[in-house]
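Have a look at the structure below, then the notes.
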Ligand SMILES: Nc1nc2ncc(COP(=O)(O)O)nc2c(=O)[nH]1
């Protein structure tokens, strides 16, 4: 039974925003290689904006579990032309990076948000870079790099522990000088969490958002493996590119629970589904 906790009074817009994902990578888990060419990535990003994306999240390094790191010069080569073109279009650009050098360059190029899946743990100096710039900072719950993260799933209580650990990351960001209102928190679905733990966190959406009642919360579930496992058939997980309907279902759930924003590869269907739910519950 879906119930919306009336105590969930997060200061979020009545209309949950959509962050469209553009991975300029050859190996991201669901769309790896589709947008690896910067010109193709720019065209795709523009299509997502037409489809209703409020923000475009540009990524140059796959965070897929088990993936080797991308060299930072390569990451920058991938994202910079896309960031510049979208900033010139007037698009609100987020860049998915955990690196100081990339963050500096894309902020210089006009990015409005640094989306750091490591929440400042990979390269802590990134907190100082963000603090000195006038950008927002997505601080995601994270326990380790792709190569190790799936072995870091020991929690006493995943909801309590993720809230507590993320709070510690928020405290570090504030200590580095980032204004609280520029911080966006994200529970890091699929990062150092089992499928069951992902579902527990999603089920506790109100508790998580109340744990950060004055902060914006971003949810990223799009096409992730725990959805493929739920929709498995004959022992085969649903393929990543066939998980958009299940992603939309969760986007409407987050919209119902007044999330600030959802991060998704497919935009139009998610936007439509969220708008229908918002109308029903407006
Ligand atoms: N803030 C945030 N950033 C992320 N970046 C990458 C991925 C996983 O890879 P993808 O780019 O293919 O979705 N997931 C997240 C997420 O859940 N939250």
Open item on the list: With just the Cα atoms defining each centre, how far is the range 157-218 from the range 73-92? Give it in Å.
Closed with: 28
TODO: Please give, to one decimal in nm, the separation of the simple spin-label points placed at residue 47 and residue 199, each 7 Å out from Cα toward the Cβ.
DONE: 3.3
Task: For the range 128-232, convex hull of alpha carbons as volume per residue, Å³ - done: 106
Task: Per residue Cα convex hull volume in Å³ - calculated over the range 17-281 - done: 118
Task: Radius, Kirkwood style, for the range 212-282 when every pair of distinct Cα atoms is counted (Å) - done: 12.8
Task: Residues 123, 132, 75 arranged by fewest to most Cβ contacts within 10 Å - done: 132, 123, 75
Task: the chain, relative contact order in percent, only Cα pairs under 8 angstrom and at least six apart counted - done: 21
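Laboratory data are not the source of any read-out in this text; all were calculated from the coordinates shown. Please read all numbers here as calculations on a predicted model, not as lab measurements. Glycine gets a Cβ as well: all are built from the backbone with ideal geometry, and neighbour counts include every protein chain shown.
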